[in-house]
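Structure first, commentary second.
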4 protein chains.
Amino acid sequence: MGITSRKEREKEQRRKSILKAATEVFFEKGFQQASMDMIAERSQLAKGTLYLYFKSKEDLYLALMEDGLDILHNMFDEAIEAGESIEEKVRNVTKAYYGFTQTHHDYYQVMMMMDSGLLSDKVDQNQLQHIRLLQMSGVEKLQKVVEEGISQGHYEPSTDAKILVLMAWAATWGAIMLSTEKRKILPMFSDIDTEQFVLEISDRMTRSFQVKKSDKNDAST
Amino acid sequence: MGITSRKEREKEQRRKSILKAATEVFFEKGFQQASMDMIAERSQLAKGTLYLYFKSKEDLYLALMEDGLDILHNMFDEAIEAGESIEEKVRNVTKAYYGFTQTHHDYYQVMMMMDSGLLSDKVDQNQLQHIRLLQMSGVEKLQKVVEEGISQGHYEPSTDAKILVLMAWAATWGAIMLSTEKRKILPMFSDIDTEQFVLEISDRMTRSFQVKKSDKNDAST
Amino acid sequence: MGITSRKEREKEQRRKSILKAATEVFFEKGFQQASMDMIAERSQLAKGTLYLYFKSKEDLYLALMEDGLDILHNMFDEAIEAGESIEEKVRNVTKAYYGFTQTHHDYYQVMMMMDSGLLSDKVDQNQLQHIRLLQMSGVEKLQKVVEEGISQGHYEPSTDAKILVLMAWAATWGAIMLSTEKRKILPMFSDIDTEQFVLEISDRMTRSFQVKKSDKNDAST
Amino acid sequence: MGITSRKEREKEQRRKSILKAATEVFFEKGFQQASMDMIAERSQLAKGTLYLYFKSKEDLYLALMEDGLDILHNMFDEAIEAGESIEEKVRNVTKAYYGFTQTHHDYYQVMMMMDSGLLSDKVDQNQLQHIRLLQMSGVEKLQKVVEEGISQGHYEPSTDAKILVLMAWAATWGAIMLSTEKRKILPMFSDIDTEQFVLEISDRMTRSFQVKKSDKNDAST
DNA sequence: TATGAATGAGAATTCATTCAT
DNA sequence: AATGAATGAATTCTCATTCAT
C-alpha cells in the first residue's frame with residue numbers, strides 16, 4: 001500500500017510536471033505551433049512518455065484547461081467566501097478573475113486560445129463536457145450571490161439575477177480582453193490602470209441594477 | 001479599353017471569390033487548420049492560382065482582415081451619420097457592430113481569431129500596420145461623438161471621453177463574445193434575445209456616465 | 001519576299017533577345033534557379049512567347065550553348081589565322097580561349113554549368129549531338145595546326161599531335177577553371193596574374209614537346 | 001555500456017547508409033534534381049528519418065562533401081608518406097588523386113558539382129568554412145613537398161613553389177576532367193590510357209621546373 | 001503572333017504518433 | 001514504465017507548360 005501510494009504520488013507528480021511544461025510551451029507558442037517535442041524537452045521526459053499520461057496533444061490541452069479552471073474556481077470560492085457584503089462578494093469575484101489573468105497569465109492565455117480553433121474531432125467528449133460544466137459553474141456561483149442580493153433588497157426587485165450576472169461577466173471579460181489583448185494596438189490604453197479599469201466597469205454594470213436611495217451614485221476614475 | 005476593364009473586373013472578381021472561399025474555410029477550421037488545399041478546392045481553383053493573387057497564406061488572411069474591417073467601418077460611418085441625437089449615434093454604433101457580427105458572421109469570427117497568435121514573421125508589416133490603424137479608427141470615431149456629447153452637457157462634465165468609449169466598447173465586445181461564443185456552453189443563454197442583451201449592456205454602460213435629471217432611470221429586459 | 005524577310009529578321013531578332021536575356025539569367029541564377037518567368041521579364045516578353053521560340057527550358061539552354069560555342073569557334077578561327085608561326089598560332093588559341101572566358105564570362109559560366117547536371121530526358125538529341133560536334137571541332141582545329149608543326153620539324157617527330165593537343169587543352173582548361181572557380185577559395189591565388197598563369201601553363205606544356213637544340217628530353221605515352 | 005555503444009554504432013551505421021544513398025542519387029541526378037524522396041527511397045528509409053540525421057538537403061550535401069574530402073586527404077597523406085624521393089612523392093599525389101576519381105567516382109563527381117551553384121543561404125557557414133579549409137589543405141601539403149624539393153636543388157632555385165604546385169594541380173585537374181567528362185564527347189579519347197595521360201601531364205609540368213643537367217631551358221612568369 | 005492567367009505535379013520540411021527495446 | 005528512433009501524411013509554396021483570347 002505504501003508502495004502503491006508512493007508510486008501513485010510519483011505518477012501524479014510527473015503528470016503535473018508535464019502539464020506545467022505544456023502550459024509554458026502552449027503559452028509561448030500557441031497550440032498549433034507547440035510541438036510534442038518541445039513539451040517533452042521542457043519536461044525533461046522522452047516524447048513517448050507523454051503518451052503514457054495523455055493520449056494525444058488535444059488531450060493534454062484539455063487536461064490543462066481543466067487544471068486552469070480548477071485554479072480559477074478555487075479563487076472564486078475564496079473570493080465569495082471572503083466578501084462580507086453582497087457588494088463586496090461581487091467585487092471580489094471580479095478581482096479574483098482579474099487576479100487570475102495576471103498571476104496565471106499563461107493559463108489564462110492558453111484558455112483563451114481554446115475558444116478559437118480547436119477541432120474536437122479526436123477529443124474525448126466526456127472531458128469536453130466536464131470543461132463546459134466548469135466554465136458554467138463560475139457563473140452559477142455568482143448567480144447565487146446575486147439572488148441573495150435581490151432577496152435582501154440590494155438590487156431592484158425586478159432584477160433577473162441571470163441577466164445581471166451575464167452582463168457583469170460580459171463587461172468584465174470584455175474589459176480584461178480589451179486591456180490584455182488590445183494594449184498593444186491601442187496607444188490610448190497606455191496610461192490606464194488596468195485593474196482600476198476592470199473593477200470600475202464591473203462596478204458600473206452591477207450598480208446599474210442597484211436600488212437607488214435618493215441618489216448619490218457616481219464613479220470616479 | 002473595354003477589354004482592359006473587363007479583364008480587370010474579372011481579376012477583381014476572382015480575387016473576391018478566393019477571399020470568400022478563404023473566409024469560409026478560415027471560419028470553419030481556424031487559421032492554422034485551414035490549408036491552402038482546402039481553400040483552393042472551395043474556390044474551385046488550382047492551388048497555384050491562389051498564389052497569383054496572394055503571395056502567402058498569411059497575406060491572404062490579412063487581405064481578408066482588411067476587407068472585413070472595411071465593411072465594418074463603413075457600417076460605423078453610416079451608423080453615426082444616421083443617428084440624430086448623441087444617444088442615438090452611440091446606440092447605432094453598437095447596433096452596427098452587432099449587425100456586423102450577425103450578417104458577416106464568418107468575417108467576424110475570422111477577425112476574432114487574429115488576436116490569438118498569427119505569426120507575423122512572413123507578414124507584410126505595412127499591411128499589418130494598416131490593419132492596426134483600421135482597428136483603432138473605429139474607437140476614435142466613437143470617441144469624437146462622445147466628446148461632442150460631453151460638450152453638449154449630455155454626459156457628466158467630468159467624463160473622460162476615452163474612458164467612456166473604452167468601457168462601452170469593452171462591455172459591448174464582451175457581450176457579443178459571450179453571446180456568440182458561449183451560447184453553445186451556457187444553456188442559460190438560450191432564452192435571451194442576443195441583440196437586446198448587447199444593446200442593453202451598452203446602454204447601461206453609457207448611461208452610467210449620463211447626467212442624472214431627478215431620476216427615473218431603469219432598464220427592463 | 002521583302003515582307004517575308006523582314007518578318008524573318010524580326011523573328012531572328014526576337015530569338016536573339018530571348019537568348020541574351022536567358023544567358024544573363026542563367027548566369028546569375030544557375031540553370032535550375034533560373035525560371036522562365038525571370039527570362040520572360042528580362043526579355044520584356046510574355047512567358048508564353050518564349051515557348052513560340054524554344055520548346056522548353058532545356059531547349060533554350062541548348063540553343064544558348066550553341067550560340068556560345070559559335071562565338072568561341074569564330075574566335076579560334078581568327079586566332080589561328082592571325083598567328084604567323086606555329087608557336088604563335090597555338091599561343092593565340094590559348095589567348096582566345098582565355099579571352100572568351102573573360103569577355104563572355106556569362107556564356108563561359110553557363111557552358112561550364114552544363115557539364116554537371118543537365119538531364120537529357122526531354123532534350124532534343126539531334127541538337128545535343130550538334131553541340132558535341134562543336135565542342136570537338138575546337139580541338140580538331142588545333143590538332144591540324146600541330147600536325148603542321150610536326151611536319152615542319154617544330155615538334156619532336158615522334159609526337160602524337162592528338163596527345164599534344166589534348167594535354168595542352170587539359171592544362172589550359174584546368175588553369176582557367178582553377179583561376180576562375182577557385183580564386184574565392186585559394187587565397188594563395190590572390191596575387192597571381194591570371195592571364196599570365198594560363199599562358200605560361202600552356203607554353204610549358206607545348207614546349208615540352210618541342211625539339212630541344214642540344215638536348216633530347218622527351219616523354220613517351 | 002555495451003548497449004550505448006551498440007546504439008551509437010547503429011546510428012553511425014545509418015548515417016553512413018544515408019550518405020551512401022545520397023551520394024548515389026546526387027551523382028545520378030545532380031544536386032538540384034535529386035529529391036529527398038529519392039534519397040529516402042534509395043536508403044530504404046522514410047523521408048522524415050533523413051531529417052533526424054541531417055537537418056536539410058544542403059546539410060546532407062555538405063556532410064557528404066566533408067566525407068569525400070576526408071577520404072581524399074587521407075589518400076594524399078599516404079601518398080606523400082609512401083614516396084621516397086621528391087619526384088616520387090609528387091607523382092604519388094597525382095596517382096592518389098586519379099585513384100580517388102576512379103575508386104570513389106561518385107564522390108568525385110558530387111564534389112565537382114559543388115563548384116557550380118550551391119545555394120549557401122541555409123547552409124551552415126561553419127561547415128562550409130571547414131570544407132574550404134580541407135580543399136585548401138591538399139594544395140598546401142603538396143606545396144611543402146615542393147619546397148623541400150627546391151631546397152634540395154631538385155627544382156630550379158628560382159622556382160616559386162606555389163606556382164609550381166598550382167600549375168601541376170591545374171594540369172592534373174584539367175586532365176582528369178577532360179578524361180572523365182569529355183570521354184563521352186571526344187572519340188579521340190577512346191584509345192588513350194587515362195591514368196597514363198594524367199600521370200604524364202603532371203610529369204611534364206613538374207619536369208619543366210626541374211634543373212636540367214646540361215641545359216638551361218626555363219620559363220619566366 | 002503574342003499574351004498571361006491558370007494549372008497541378010512535385011519540392012522540402014514538420015510533427016503527432018507508434019512501437020521495439 | 002520509459003525511451004527515442006522511425007514513420008509518413010500533411011503542409012506551404014514553386015514553376016514549367018498549356019491554352020483561350
query: Which one is most open to solvent (accessible area, probe 1.4 Å), of the residues in the range A:40-56 that are aromatic (Phe, Trp, Tyr) and within 9 Å of DNA strand F (Cβ to nearest atom)?
result: A:51
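Yes or no, residue by residue, for (1) in contact (Cβ under 8 Å) with a residue 24 or more places away in the chain; (2) under 17 Å from residue D:23 (Cβ atoms); (3) more than 13 Å from chain C (Cβ to nearest Cβ); (4) of a type in the set (Lys, Arg):
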| site | (1), (2), (3), (4) |
| --- | --- |
| D:69 | yes, yes, no, no |
| D:72 | yes, yes, yes, no |
| D:80 | yes, no, yes, no |
| D:113 | yes, yes, no, no |
| D:124 | yes, no, yes, no |
- request: Find the helices (runs of 4 or more DSSP H) located wholly in the range D:38-118 whose residues include 1 or more that are within 19 Å of the chain's Cα centre (by Cα), and list them.
  value: D:57-82, D:86-103, D:105-114
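Okay, residues lined up against (1) away from chain C (no Cβ under 14 Å); (2) touching a helix residue (DSSP H, G or I) at 6+ places or on another chain (Cβ under 8 Å); (3) more than 8 Å from DNA strand E (Cβ to nearest atom):
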{"site": "D:16", "(1), (2), (3)": "yes, no, yes"}
{"site": "D:19", "(1), (2), (3)": "yes, yes, yes"}
{"site": "D:23", "(1), (2), (3)": "yes, yes, yes"}
{"site": "D:27", "(1), (2), (3)": "no, yes, yes"}
{"site": "D:30", "(1), (2), (3)": "no, yes, yes"}
{"site": "D:37", "(1), (2), (3)": "yes, yes, no"}
{"site": "D:56", "(1), (2), (3)": "yes, no, no"}
task: Answer with yes or no whether residue B:46 is out of contact with any Asp or Glu (no Cβ under 9 Å at 6 or more places or on another chain), within 15 Å of DNA strand E (Cβ to nearest atom) and of a type in the set (Gly, Ala, Ser).
output: yes
- request: Provide a single number: the residues in the range A:162-172 that are over 11 Å from residue A:142 (Cα atoms) and surrounded by 22 or more Cβ atoms within 10 Å (Cβ to Cβ).
  value: 4
- prompt: Given the residues D:94, D:49, D:4, D:103, which is the only one that is β-branched (Val, Ile, Thr) and modelled with pLDDT under 90?
  reply: D:4
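Filter the range A:58-67 down to the residues that are open to solvent by 10 Å² or more (accessible area, probe 1.4 Å) and within 14 Å of DNA strand E (Cβ to nearest atom), then identify the one that is farthest from the other protein chains (Cβ to nearest Cβ).
Selected residue: A:59.
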message: Given the condition of a type outside the set (Ser, Thr, Tyr), closer than 19 Å to residue B:80 by Cα and modelled with pLDDT of 90 or more, answer yes or no: does some residue in the range B:176-191 qualify?
response: no
- prompt: Which condition breaks for residue C:71 when tested against (1) aliphatic (A, V, I, L, M); (2) within 15 Å of DNA strand F (Cβ to nearest atom); (3) open to solvent by less than 50 Å² (accessible area, probe 1.4 Å)?
  reply: (2)
- prompt: Do any residues in the range C:11-39 that are open to solvent by 40 Å² or more (accessible area, probe 1.4 Å) have Cβ atoms under 6 Å from those of residues that are within 13 Å of DNA strand E (Cβ to nearest atom) and of a type in the set (S, T, N, Q), where the two are at least six apart or on different chains, and which pairs are they?
  reply: C:17/C:43; C:32/D:32
query: Out of (1) within 16 Å of DNA strand F (Cβ to nearest atom); (2) away from chain C (no Cβ under 14 Å); (3) touching a helix residue (DSSP H, G or I) at 6+ places or on another chain (Cβ under 9 Å), what's the single condition that is false for residue D:89?
result: (1)
message: I'd like the full set of residues that are surrounded by fewer than 16 Cβ atoms within 10 Å (Cβ to Cβ), more than 13 Å from every other protein chain (Cβ to nearest Cβ) and not hydroxyl-bearing (Ser, Thr, Tyr), limited to the range B:150-161.
response: B:152, B:153
query: Mind checking which residues of the range C:1-39 are among the β-branched types (Val, Ile, Thr) and within 11 Å of DNA strand F (Cβ to nearest atom)?
result: C:25, C:39
message: Tell me whether the range C:134-149 contains one or more residues that are open to solvent by less than 80 Å² (accessible area, probe 1.4 Å), at pLDDT 90 or above and β-branched (Val, Ile, Thr).
response: yes
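The values are calculated or read from the model by the stated rules, or taken from the named source; none is laboratory data. Note that the structure is predicted; figures quoted are calculated from it, not measured. With ideal geometry, Cβ positions are generated from the backbone for all residues, glycine too; neighbour counts draw on all protein chains shown. What goes into the accessible areas is simple: the full protein's heavy atoms, side chains included, and nothing from ligands, DNA or RNA. Shrake-Rupley method; radii C 1.70, N 1.55, O 1.52, S 1.80 Å.
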